[in-house]
Amino acid sequence: MKSLYIAEKPSVAQEFAKALKLNTSRKDGYLETEDSIVTWCVGHLVTMSYPECYDPELKKWSLETLPFLPKEFKYEVIPGVKKQFDIVKGLLNREDVGVIYVCTDSGREGEYIYRLVDQMAQVGDKEKRRVWIDSQTEEEILRGIKEAKLLNEYDNLSASAYLRAKEDYLMGINFSRVLTLKYGWTISNFLKSSRSTVVAVGRVMTCVLGMVVKREREIRSFVKTPFYRVLAKLSLGEKEFEGEWRAVEGSRYFNSPKLYKENGFLKEEDAKELISIVSAGSPLEAQIVKIEKKNEKKNPPLLYNLAELQNECSKQFKISPDETLKAVQNLYEKKLCTYPRTDARVLSTAVSKEIYKNLNGLKNYSVVSEHAKAILEKGSYKNLAKTRYVNDKQITDHYAIIPTGQGLSVLSSLSERETKIYETICRRFLSIFYDPAVYQKVNLQVELGQENFFASFKVLKEEGYLAVAKSSFQRKKDSEEEGEELNEEFMKQLSALKKGGRLPVSDIFIKEGETTPPKRYNSGSMILAMENAGQLIEDEELRAHIKGSGIGTSATRAEILKKLVNNQYIALNKKTQIITPTQLGEMIHDVVYCSIQSLLNPELTASWEKGLSYVAEGTITEEEYMVKLEKFVSSRIEGVRNLNNQSMLRNQFEKVAVNYKK
């Protein structure tokens with residue numbers, strides 16, 4: 001009997017054939033030897049059928065036929081790939097095939113791709129095994145085949161995959177139809193369009209649109225508040241520096257309503273009054289009240305998951321999340337890095353024990369070879385399992401994205417973008433084997449006219465992981481090193497200061513500032529906000545701790561942004577990667593806000609995603625999830641049916657239009 005290996009795409013099938021050292025003969029749509037067959041899908045071969053396949057009457061959009069909630073879902077082969085489906089179907093059902101190895105991508109979507117094929121091909125009860133791998137290196141492929149579990153052990157994952165598709169299908173079809181029927185002409189009439197506008201709604205897509213519109217409106221309604229800080233110019237040796245006044249306890253302004261925070265005034269005259277108080281007396285000298293010296297450590301950051309890498313690439317290279325995913329997927333298929341569609345930022349214990357293999361490989365990558373050699377010589381990789389970079393509990397499907405140390409022969413064939421992304425992944429990976437960076441920090445507090453001024457200084461003392469973190473393509477700041485030498489001399493003078501000492505004051509002046517509105521999302525920060533259920537947490541360390549359940553998945557987020565751009569609901573600036581809503585996007589948002597408002601709620605959207613995770617874990621059943629989903633769809637359709645708020649919406653459209661007049 002023969003073993004059949006089915007991959008997600010032809011290039012992956014070739015890698016499996018190569019790893020298995022099969023001397024295959026090439027057939028139409030598959031490879032074959034005496035005891036093995038290797039075939040492939042081309043992505044999805046099967047999809048869910050449109051409503052008109054259930055009943056031709058459903059082709060016409062009508063409120064009477066909603067909600068559309070089929071008891072049994074219909075599927076069909078995608079016409080463009082029917083030839084390959086027929087080949088795969090024939091192979092799966094061949095009598096001489098004894099074991100089927102499912103080698104589609106190791107994740108929810110890959111599982112779904114095969115299960116649909118299996119269902120449509122009506123494969124009987126043959127032995128089926130699931131190959132679950134983290135990279136496409138030869139040894140990982142062989143390990144995956146050797147340790148392949150029975151396919152039915154992944155039934156819960158399959159159930160969550162089917163449910164995710166059903167949920168997107170039911171919400172998309174029902175809500176897009178009901179809102180188009182109810183408000184399509186209201187939008188079109190306002191925009192003076194001759195055709196009814198289709199209101200495209202998606203469980204995740206609409207929620208993301210809501211986040212973009214909400215942020216834009218926060219920026220529009222933001223009122224700047226001016227404030228006035230008071231600074232003293234202090235001298236130490238030949239260098240001058242600034243100390244900032246703060247209304248700490250003991251200050252005549254402590255808790256005063258005149259303040260903006262504790263370090264500024266709401267009115268300029270109050271700042272001037274403070275200056276006149278502290279300027280009395282000659283010569284002007286400040287007394288040192290407190291001097292605090294300490295070393296501050298900065299640990300190497302956690303490894304990249306897809307969201308973090310997409311954010312990094314958006315910032316560094318100004319490329320969209322979709323472009324990053326394409327590039328890193330290519331690196332994965334060329335065996336250069338591990339599986340990209342991951343949410344984890346740590347490694348597994350098992351991988352940490354073999355990590356020297358990855359490091360050994362990187363000795364041959366000239367850009368970082370010196371660092372890889374240094375790590376291996378020092379042996380800092382030996383205790384990796386005891387560090388924060390290894391945590392089995394934080395891994396669901398796959399560990400973080402790291403270089404495999406293999407496939408280096410193809411580096412010359414990579415695009416410039418792929419080369420830079422590969423280097424970025426390698427440097428982040430190597431950073432975790434280095435010591436923290438150490439900064440020397442000095443905090444100074446001085447008193448002048450019974451008021452306190454503060455200054456703080458920081459200089460890099462030990463480079464630690466920063467030695468490897470700086471990319472070869474990053475621009476170095478001009479004369480950065482000279483500044484550090486100067487700082488070091490100045491830090492020595494600072495460190496010699498004592499409490500009670502005095503420093504000359506050459507000037508006391510006002511520095512005017514104003515509050516700033518929230519920042520617009522860029523494509524990278526939006527991916528991070530989606531990962532954290534709508535919260536954009538800027539601080540990387542904090543993000544690692546407050547990891548909530550996200551909106552969408554690492555595999556789908558980039559595609560959702562792309563869809564919003566294609567629908568012309570949002571605009572993505574290619575140079576800056578900044579995201580803004582379009583007029584149509586804001587109008588669609590307002591339609592949803594006035595009809596099915598809960599679709600805009602990131603927490604609710606994240607809770608649906610969490611529910612799918614529970615199904616995958618076996619905590620709740622498929623049936624329980626479907627009951628909740630059908631109830632949600634039915635109740636929202638009924639709610640919209642009874643609304644009569646078109647004129648109110650027209651007023652809202654008028655307000656929106658003001659911001660888009662050319």
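The values are calculated or read from the model by the stated rules, or taken from the named source; none is laboratory data. Since we're looking at a predicted model, the values are computed, not measured. Cβ sites come from the backbone with ideal geometry, for glycine too, and all protein chains shown count toward neighbours. The area values use the complete protein model at the heavy-atom level, side chains included, leaving out ligands, DNA and RNA. Shrake-Rupley method; radii C 1.70, N 1.55, O 1.52, S 1.80 Å.
For the pairs Lys318/Lys574; Lys357/Lys378; Lys21/Lys353; Lys82/Lys334; Lys9/Lys335; Lys214/Lys631, flag any whose C-alpha to C-alpha distance is greater than 18 Å. Mind dumping the intermediate values first?
Values: Lys318/Lys574 7 Å; Lys357/Lys378 15 Å; Lys21/Lys353 27 Å; Lys82/Lys334 28 Å; Lys9/Lys335 15 Å; Lys214/Lys631 28 Å.
Flagged as over cut-off: Lys21/Lys353; Lys82/Lys334; Lys214/Lys631.
For Asp55 and Tyr593, compute 0.36 nm times the residue count separating them, minus their Cα-Cα distance, and round to one decimal in nm. Provide the component values of the computation, followed by the final result.
Numbers: separation 538, 0.36 × 538 = 193.68 nm, distance 3.15 nm.
Separation in residues times 0.36 nm, less the Cα-Cα distance, equals 190.5 nm.
What 222 nm value per residue comes from the helices of the chain, counting each DSSP H run with n ≥ 4 as -39,500 (n - 2.57) and dividing by all residues, nearest 500 deg cm²/dmol?
Working: 22 runs with 276 residues, N = 662.
Only helices count here, giving -13000 deg cm²/dmol.
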Counting only DSSP loop positions in segment 386-456, the trypsin sites (Lys or Arg not before Pro) whose Cβ has at most 16 other Cβ atoms within 10 Å are Arg388
Compactness summary of segment 307-353: radius of gyration and Dmax from Cα atoms, Å, are 12.0, 36
So the FRET efficiency between Glu238 and Glu377, C-beta based with R0 = 51 Å and rounded to 0.05, is 0.70
Any lysines whose Cα falls less than 17 Å from that of Lys470, other than same-chain ones fewer than 8 residues away, would be Lys298, Lys315, Lys420, Lys461
Taking a crude spin-label model, label points 7 Å out from Cα along the C-beta direction, the Gln646 to Lys261 distance in nm is 5.1
Placing each pseudo-label 7 Å from Cα in the direction of the beta carbon, Lys9 and Asn189 end up separated by a distance in nanometres of 4.7
Against the 2.2 N^0.38 Å rule of thumb, the C-alpha Rg of segment 127-204 sits at a ratio of 1.94
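Using R₀ = 35 Å, calculate the FRET efficiency as 1/(1 + (r/R₀)^6) where r is the Cβ-Cβ separation of Lys224 and Ser634; round to 0.05. It would help to have the intermediate numbers written out before the result.
Values: r = 47 Å, r/R0 = 1.34.
Result of the calculation: an efficiency of 0.15.
What is the Å³ per residue value for the convex hull set by the Cα atoms of segment 8-69?
Numbers: hull volume 8.7 nm³, N = 62.
Per-residue hull volume (Cα only) is 140 Å³.
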Listed by chain and number, the residues whose amide H is under 5 Å from that of Val46, excluding neighbours fewer than 5 places away on the same chain and using placed H, are Ile78
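Take the alpha carbon gyration tensor of segment 564-662, find the square roots of its eigenvalues, order them as a ≥ b ≥ c, and report rounded if a/c is under 1.5; if not, report prolate when a/b exceeds b/c, else oblate.
Oblate, because a/c is 1.5 or more while a/b does not exceed b/c.
Throw me the Rg/Rh for segment 219-313, computed over C-alpha atoms with Kirkwood Rh, two decimals. Please report the intermediate quantities before stating the final value.
Values: Rg = 20.2 Å, Rh = 17.6 Å.
Here Rg/Rh amounts to 1.15.
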The farthest towards the positive end of the charge dipole of the chain, of the residues Tyr5, Ser276, Leu649, given +1 on Cβ of Lys and Arg and -1 on Cβ of Asp and Glu, is Leu649
Expressed as a whole-number percentage, the relative contact order of the chain with C-alpha contacts under 8 angstrom and at least six residues apart is 17
Taking a straight Cα-to-Cα line shorter than 16 Å from Lys2, and setting aside same-chain aspartates and glutamates fewer than 8 residues away, one finds Glu32, Glu34, Asp35, Glu95, Asp96, Asp125, Glu127
Per 5 angstrom bin, beginning at 0 and ending with the bin that holds the maximum distance, the Cα pairs of segment 72-150 fall in percents of 3, 14, 22, 23, 19, 14, 5, 1, 0
Amide H contacts under 5 Å for Thr338, restricted to residues at least 5 apart in sequence or on another chain and with H modeled in the peptide plane, are Ile402, Thr404
Place a point 7 Å from the Cα of Met1 in the direction of its beta carbon; the residues of segment 19-36 whose amide N falls under 14 Å from it are 36
Rounded to the nearest 10, the angle in degrees between the Cα long axis of helix 306-317 and the longest principal axis of the Cα atoms of the chain comes to 60
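Which order, highest average first, do 275-285, 240-250 follow once you tally other Cβ atoms within 10 Å for each residue and take the mean per peptide?
On the way: 275-285: 12.9, 240-250: 16.2.
Taking the mean over residues of other Cβ atoms within 10 Å, the ranking is 240-250, 275-285.
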For 521-527, 493-499, ranked highest to lowest by mean beta-carbon neighbours within 10 Å, the order is 521-527, 493-499
Phi angles of segment 429-436, converted by Karplus (6.51 cos²θ - 1.76 cosθ + 1.60, θ = phi - 60°) into ³J(HN,Hα) in whole Hz with x for Gly and Pro, give 4, 5, 4, 5, 9, 9, 6, x
Straight-line reach check, Lys511, cutoff 19 Å on alpha carbons, 8 or more apart in-chain or any other chain, hits among lysines -> Lys224, Lys233, Lys258, Lys261, Lys267, Lys272
Computed over segment 301-426, the convex hull of the Cα set has an average projected area, in nm², of 7.3
Rounded to a whole %, the carbon-and-sulfur portion of the accessible area of segment 564-662 at a 1.4 Å probe is 52
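Probe radius 1.4 Å, ligands and nucleic acids left out: which of Thr349, Thr104 has the largest accessible area, and how do the rest follow? Before the final figure, lay out the partial values.
Details: Thr349 45, Thr104 0 Å².
Result, largest first: Thr349, Thr104.
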Per residue convex hull volume, Cα only, the chain, in Å³ is 205
In order over segment 66-74: 3J(HN,Hα) from phi, Karplus 6.51/-1.76/1.60, θ = phi - 60°, whole Hz, x for each Gly or Pro, gives 9, x, 9, 9, x, 6, 10, 8, 9
If unit charges are put on Cβ atoms (+1 for Lys and Arg, -1 for Asp and Glu) and the dipole of the chain is taken about its Cα centre, the option from Leu564, Gly552, Leu45 lying farthest towards the positive end turns out to be Leu564
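Between Phe473 and Ser412, what is the FRET efficiency for a Förster distance of 22 Å, r being their Cβ-Cβ separation, to the nearest 0.05? Before the final figure, lay out each step's value.
Values: r = 17 Å, r/R0 = 0.76.
E between Phe473 and Ser412, to the nearest 0.05, is 0.85.
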Whole-Å distance linking the alpha carbon centroid of segment 563-611 with that of segment 268-309 is 40
Sequence order, segment 612-624: Karplus ³J(HN,Hα) from phi using 6.51 cos²θ - 1.76 cosθ + 1.60, θ = phi - 60°, Hz rounded, Gly and Pro as x, gives 5, 4, 5, 5, 4, 7, x, 6, 10, 8, 4, 5, 4
If unit charges are put on Cβ atoms (+1 for Lys and Arg, -1 for Asp and Glu) and the dipole of segment 11-163 is taken about its Cα centre, the option from Pro79, Asn93, Gln136 lying farthest towards the positive end turns out to be Pro79
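Leaving out ligands and nucleic acids, and using a 1.4 Å probe, what accessible area per residue does segment 305-364 come to in Å²?
Working: 1890 Å² over 60 residues.
Per-residue accessible area for segment 305-364 comes out at 31 Å².
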Checking segment 590-662 for GluC sites (Glu not before Pro) in a loop per DSSP with at most 13 other beta-carbon atoms within 10 Å yields none
Taking a crude spin-label model, label points 7 Å out from Cα along the C-beta direction, the Asp155 to Gln493 distance in nm is 7.7
Rounded to whole angstrom, the alpha-carbon centroid of segment 133-167 lies from that of segment 71-111 at a distance of 15
Given backbone amide H placed at 1.01 Å from N, residues whose amide H is under 5 Å from that of Arg246, ignoring those fewer than 5 places away on the same chain, are Asn452, Phe454
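Taking 0.36 nm per intervening residue step and subtracting the Cα-Cα distance, what contour gain separates Lys458 from Glu64 on full extension?
On the way: separation 394, 0.36 × 394 = 141.84 nm, distance 6.88 nm.
That works out to 135.0 nm of additional length.
DSSP loop chymotrypsin sites (Phe, Trp or Tyr not before Pro) in segment 18-104 with at most 12 other Cβ atoms within 10 Å of their Cβ, which ones? Please list the in-between numbers first.
Values: sites: Tyr30, Trp40, Tyr54, Trp61, Phe68, Phe73, Tyr75, Phe85, Tyr101; in loops: Tyr54, Trp61, Phe68, Phe73.
In loop regions of segment 18-104 (DSSP not H, G, I, E or B), there are no sparsely surrounded chymotrypsin sites (Phe, Trp or Tyr not before Pro).
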